[in-house]
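Only one structure is covered here, and it is reproduced in the block below.
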Amino acid sequence: MAKDLYSKVVMEHFQNPRNMGELEDASAIGEAGNPVCGDLMKIYIKVEDDVITDITFKTFGCAAAIATSSMVTEMAKGKTLKEAYDITRDDVAYELEGLPPIKMHCSNLAADALKEAIKDYLREAGKEIEGIDLDE
Ligand code: FES
């Protein structure tokens, strides 16, 4: 049963996702997909002075994908671009108090889509930040 498979935090974020939807005045958008399950995630960020002042997501995916998107938006809001870029898949899973092994790959989507959004912003703005490889 999903109830037993997921931590309380995962269930809570799945049932009450934070920051869901499109961001009208987004500075950049990042997208990540999982070719195995076909799930897709979009992250919208608003950036001011290299700080993520607002962030939302749209996820077409499983319960774990929705919970990880919700969590990553909470983790990234208010952080500098570099701090947000350094959020790893494991950080997201840790904050969710773990994901079942068969669902660990779902946390990749959130961290990857966030990284793509940050890179999209830097490319558009013609900026570079040390430690962020735009060609990666
Ligand atoms: Fe596809 Fe979770 S099963 S992201």
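The values are calculated or read from the model by the stated rules, or taken from the named source; none is laboratory data. Everything numeric in this text was worked out from a predicted model, so none of it was measured. We place every Cβ from the backbone using ideal geometry, glycine too, and count neighbours over all the protein chains shown.
General observations
- Within the option set Val72, Val92, being within 16 Å of the ligand (Cβ to nearest atom), at pLDDT below 95 and not acidic (Asp, Glu) holds for one residue only, Val92.
- Residues that are touching a strand residue (DSSP E or B) at 6+ places or on another chain (Cβ under 8 Å) and more than 16 Å from the ligand (Cβ to nearest atom) do occur in region 56-65, at least one of them.
- 3 or more residues touching a residue at least 40 places away in the same chain (Cβ under 8 Å) and surrounded by 15 or more Cβ atoms within 10 Å (Cβ to Cβ): qualifying helices (runs of 4 or more DSSP H) within region 1-85: 8-15, 63-76
- Considering region 95-108, and only residues there that are part of a helix (DSSP H, G or I), farther than 20 Å from Asp133 by Cβ and under 14 Å from the mean Cα position of the chain (by Cα), the residue that is farthest from the ligand (Cβ to nearest atom) turns out to be Glu95.
- Qualifying positions in region 109-136 - outside any loop (DSSP other than H, G, I, E, B) and acidic (Asp, Glu): Asp112, Glu116, Asp120, Glu124
- Residues satisfying the stated conditions in region 26-47, i.e. among the acidic types (Asp, Glu) and at pLDDT below 95: Asp39
- Residue within region 105-114 that is farther than 19 Å from Gly33 by Cα and touching a residue at least 12 places away in the same chain (Cβ under 8 Å) present: no
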